[in-house]
């Protein structure tokens, strides 16, 4: 029995030693998944910057945040720079921190009042009263479109849904950023990895030179 356990542990150790060279793939996948999300969010804010400022600051139909121009500028620059840095894997851990803060602010100020679901599905877990009520509204809209419109053409690109705009997607991005905060840019597939090795080689060379002088 002990021999079997030892054999399995050795097999597992060898397996881990092989796949560790591909552990950067997970970080790369997370980075590339997040790049278009933050790039679109940031460039959209930049293109419609004044509208973004008004939305941030308005207390009636917006977020009612203080210093809306400053916060809009910070959010816009963070998302655009975040997308660029994540794309190449540079300063991954550093840029993950302001992006995490951005996601937390978005969760609390924008999405949390709508509950969990991003797309309303009354049959899914965590369905709020708002989501449950959406079923009747969606069915009524479907009846109107079937009666007065070309429903087959209208739905040829996909089914109609009600956007609930809950925290689901924002929390998903937050979890991915937390993972990058721990993983970094990833082995072999990021600028972070190669810059670290360059600096370590320079440090070793300087230490070696200093030892030789003693």
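The values are calculated or read from the model by the stated rules, or taken from the named source; none is laboratory data. Everything numeric here is computed off the predicted structure, so don't read it as measured data. Reconstructed Cβ throughout: ideal geometry from the backbone, glycine too, with neighbour counts over all protein chains shown.
Looking for something within 28 Å of residue 103 (Cβ to Cβ), in contact with a strand residue (DSSP E or B) (Cβ under 7 Å, 6 or more places away or on another chain) and surrounded by fewer than 16 Cβ atoms within 10 Å (Cβ to Cβ) - is there at least one such residue anywhere in the range 163-176? Lay out the reasoning, then the answer.
Taking the range 163-176 and keeping what is within 28 Å of residue 103 (Cβ to Cβ), we get 163-176.
With in contact with a strand residue (DSSP E or B) (Cβ under 7 Å, 6 or more places away or on another chain) added as a condition, the list becomes 163-164.
Adding the requirement that they be surrounded by fewer than 16 Cβ atoms within 10 Å (Cβ to Cβ) leaves 163.
Yes, the range 163-176 contains at least one residue that is within 28 Å of residue 103 (Cβ to Cβ), in contact with a strand residue (DSSP E or B) (Cβ under 7 Å, 6 or more places away or on another chain) and surrounded by fewer than 16 Cβ atoms within 10 Å (Cβ to Cβ).
Given the structure, is residue 145 closer than 16 Å to residue 37 by Cβ and either outside any helix (DSSP H, G or I) or at pLDDT 90 or above (or both)? Outline the logic, then answer.
Values: closer than 16 Å to residue 37 by Cβ: no; either outside any helix (DSSP H, G or I) or at pLDDT 90 or above (or both): yes.
No: the conditions fail for residue 145.
Report yes if some residue within the range 181-199 is assigned to a helix (DSSP H, G or I), within 18 Å of residue 37 (Cα to Cα), at pLDDT 95 or above and within 29 Å of the chain's Cα centre (by Cα); otherwise report no. Please lay out each step first, then the result.
Here is the first cut: in the range 181-199, the residues assigned to a helix (DSSP H, G or I) are 181-183, 191-199.
Going one step further and asking which of them are within 18 Å of residue 37 (Cα to Cα), we end up with 181.
Now narrow it down to the ones that are at pLDDT 95 or above: 181.
Among the residues that remain, those that are also within 29 Å of the chain's Cα centre (by Cα) are: 181.
Checked against the condition, which is being assigned to a helix (DSSP H, G or I), within 18 Å of residue 37 (Cα to Cα), at pLDDT 95 or above and within 29 Å of the chain's Cα centre (by Cα), the range 181-199 yields at least one hit.
Kindly indicate which of 63, 74, 85, 70 is modelled with pLDDT of 95 or more and touching a helix residue (DSSP H, G or I) at 6+ places or on another chain (Cβ under 7 Å). Working first, answer last.
Details: 63 fails: modelled with pLDDT of 95 or more; 74 fails: touching a helix residue (DSSP H, G or I) at 6+ places or on another chain (Cβ under 7 Å); 70 fails: touching a helix residue (DSSP H, G or I) at 6+ places or on another chain (Cβ under 7 Å).
Of the residues listed, the single one that is modelled with pLDDT of 95 or more and touching a helix residue (DSSP H, G or I) at 6+ places or on another chain (Cβ under 7 Å) is 85.
Determine if the range 151-158 includes at least one residue that is assigned to a loop (DSSP other than H, G, I, E, B), modelled with pLDDT under 90, out of contact with any strand residue (DSSP E or B) (no Cβ under 8 Å at 6 or more places or on another chain) and outside the structural domain of residue 58 (by TED's automatic domain parsing). Before you say what the answer is, go through the steps one by one.
Within the range 151-158, the subset assigned to a loop (DSSP other than H, G, I, E, B) is 155-158.
The next check asks that each one be modelled with pLDDT under 90; those that pass are none.
Among the residues of the range 151-158, not one is assigned to a loop (DSSP other than H, G, I, E, B), modelled with pLDDT under 90, out of contact with any strand residue (DSSP E or B) (no Cβ under 8 Å at 6 or more places or on another chain) and outside the structural domain of residue 58 (by TED's automatic domain parsing), which makes the answer no.
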